[in-house]
Amino acid sequence: MIKKQILFSLLLGSAAMSFPVMAQTSQNTNTEPSALQKRFKSHIVYLASEELGGRVPMTAGDTLTVEYIKKQFSEIPGVELLGKDGLQEFAFAGLREFIPDSTYMRLNGKKLKQGKDFQVSPYFQSGKLDGDILYAGELQKINTDSIQAEGKILLIDATTSPELPYEDLLKEMGKKAEKVKASGIIWVTPELNYPETDKVLNRRLALIQVSPKVAEQLKNGVKADIKVRIEHGDRKKTKSNNVVARIKAEGNLNPNNDVVIIGAHHDHIGQQITKKDTVYLYGADDNASGVATLIEMARYFAARRDQLKKDIVLVAFGAEERGLQGSRYFAENPLVPAETIKAMFNFDMTGRLTAKTLHIRGVGTFAEAFPTLAAAPNVNWLNLNLIMSGTEPTDYASFYRKGIPTLSFSSGRSKDFHSHTDLESKINYPGMEMIFDYVTPVISRYVFEPGRMTFIQQ
Ligand SMILES: [Zn+2]
């Protein structure tokens, strides 16, 4: 205990020197929710409501989401809307749709439930897969020289592999499957999550996620019948909007018009259609929580805009769940000169803080990340899980790919990730406030001071 107290004061001491603004503390977690927590809640209650239907591009829910964020921004003094009255429209090629009747997996004649027992990546090019399954064992131990797997579907166990970032794991599986000329991969994972494989996995390879329970039966040689059909033909043009606003530094405090971007994606997955029924996914944590954080960051920095030495551009991205579409479009067409963008901070799932652990991605994208994060006043003693990669599947990757230093903050994947159980009632509001209190001084370092971020290409 004593040791802890000494460390605590040391941290605060160094923080006070480095940071002009002290974080607001939020230690009264068992009492009346703070004003900030109440505002978080009102945003999430609406964004994750039935009315918005899971916030999918090309639905009324998407439009209502965008309108809500725009209204929130426009009501904050000091925040101006950019783009067309706050909106930046973009179009992209939509995913192929699953045909429930022809996407199925049977074990011993018994039909499995899509979304619960198995899930298929919609990027699979040929859209058609039948085949025998070969259990290839644990990912790290697969010897591609010793297995005959041409035309077969490889069942790969990655649950006991050392923890690899999502993309690296998929790439590793893809590499091995291609080497042995397999037709597809069955990936054993407790999280079935509509796998995002665009630009990670060869589209020639089918990817099927199965639950460990299903995998167990497959390993035991239960007769499996897999049929995947993903509709061919023209992909529909899909449209959505980013919501974009700005807080401008006053007077001549920002002579070069430097910009720091704060962002969060506003879309979610909507519904999952299975053979039997349709379930709605409201996405309270993913990512109504991040949008709530973004709106309140806007309020926080707008109230202190007289201290700004860089402009802040706020962006709520559309269509993240469809392959980072909105952020990619914005990074290509940023509404401010690209060379003025100095840094990007992203929030994706900030509503389920567990064991006080804040996950910070992108630490390897710029040289000053470690000292900045270590020196930020950590008044709530958050554990920091620092992840180097700049390319994990969330919007910060679109900026990393443009050579912009970037961090993405998250309370991590809960067991309700991409499930109909990602509900507002499960949001940890005191935890959201703790994240907010930790991150605001980190961003302050760059917008109130001439703090540098030096990009590192990984
Ligand atoms: Zn998300």
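No lab work stands behind these numbers, since they all come straight from the coordinates. The shown structure was predicted, so the numbers you read here are calculated from the model rather than taken from an experiment. FYI the Cβ positions are ideal-geometry reconstructions off the backbone, even for glycines, and counts take in every protein chain you see.
Structure values in brief
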quantity	calculated
Separation in nanometres of the label points that stand 7 Å from Cα toward Cβ, at Ser146 and Gln457	4.0 nm
Which of Glu75, Glu449 has the fewest Cβ neighbours within 10 Å, and the rest in rising order	Glu75, Glu449
Global geometry of the stretch 344-458, whether rounded, prolate or oblate, following the gyration tensor of its Cα atoms and the 1.5 cut on a/c	oblate
Mean Cβ count within 10 Å, highest first, over the residues of peptides 36-47, 349-360	349-360, 36-47
Whether the stretch 104-229 is rounded, prolate or oblate, judged on the alpha carbon gyration tensor where a/c under 1.5 counts as rounded	rounded
Among 168-177, 425-434, 84-93, the order from most to least packed when residues are scored by Cβ within 10 Å on average	425-434, 168-177, 84-93
Inter-label distance for Lys38 and Glu368, nm, one decimal - labels placed 7 Å from Cα along Cα-to-Cβ	3.7 nm
Cα-based shape type of the stretch 305-373, given that a ≥ b ≥ c are square roots of the gyration tensor eigenvalues and the cut on a/c is 1.5	oblate
